[in-house]
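The values are calculated or read from the model by the stated rules, or taken from the named source; none is laboratory data. Please read these numbers as outputs of a predicted model, since none were measured by experiment. We place every Cβ from the backbone using ideal geometry, glycine too, and count neighbours over all the protein chains shown.
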């Protein structure tokens, strides 16, 4: 027991630093880590929300979800997942609407059925 007491006295500064680091980690986790981390980076942009609303108003399209990916040069791709996309005419209408609304080529648009 005496050896432990002496070691603690010798390592006092190290122990204080370690306790402070652990406290800092806990504080950071409480302020920033308490949120659902699975939703991080998945906030919908205004453009995605507008396009989703547009698609959901189209005849034959039910619930829709849109994800737009971008790179330095602009839009890199668009994924649309919606009810009704299993019908070819609805899929074609979605393709035309997304291409026109975003002024992008149709080959970077992927459409899937829910």
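In the set (1) modelled with pLDDT under 95; (2) surrounded by fewer than 14 Cβ atoms within 10 Å (Cβ to Cβ), residue 44 fails one condition alone, (2). Going through (1) part of a loop (DSSP other than H, G, I, E, B); (2) on the phi < 0 side of the Ramachandran plot one by one, residue 69 falls short only on (1). Of all residues in the stretch 84-114, those satisfying the criterion of being farther than 13 Å from residue 51 by Cβ, out of contact with any strand residue (DSSP E or B) (no Cβ under 7 Å at 6 or more places or on another chain) and surrounded by 15 or more Cβ atoms within 10 Å (Cβ to Cβ) are 84, 90, 93. I'd like to check something: does the stretch 74-90 contain any residue that is in contact with a helix residue (DSSP H, G or I) (Cβ under 8 Å, 6 or more places away or on another chain), assigned to a helix (DSSP H, G or I) and closer than 30 Å to residue 110 by Cα? The answer is no, given that none of the residues of the stretch 74-90 is in contact with a helix residue (DSSP H, G or I) (Cβ under 8 Å, 6 or more places away or on another chain), assigned to a helix (DSSP H, G or I) and closer than 30 Å to residue 110 by Cα. Do we find that residue 56 is at pLDDT below 95 and out of contact with any helix residue (DSSP H, G or I) (no Cβ under 6 Å at 6 or more places or on another chain) in this structure? Spelling it out, it is not the case that residue 56 is at pLDDT below 95 and out of contact with any helix residue (DSSP H, G or I) (no Cβ under 6 Å at 6 or more places or on another chain).
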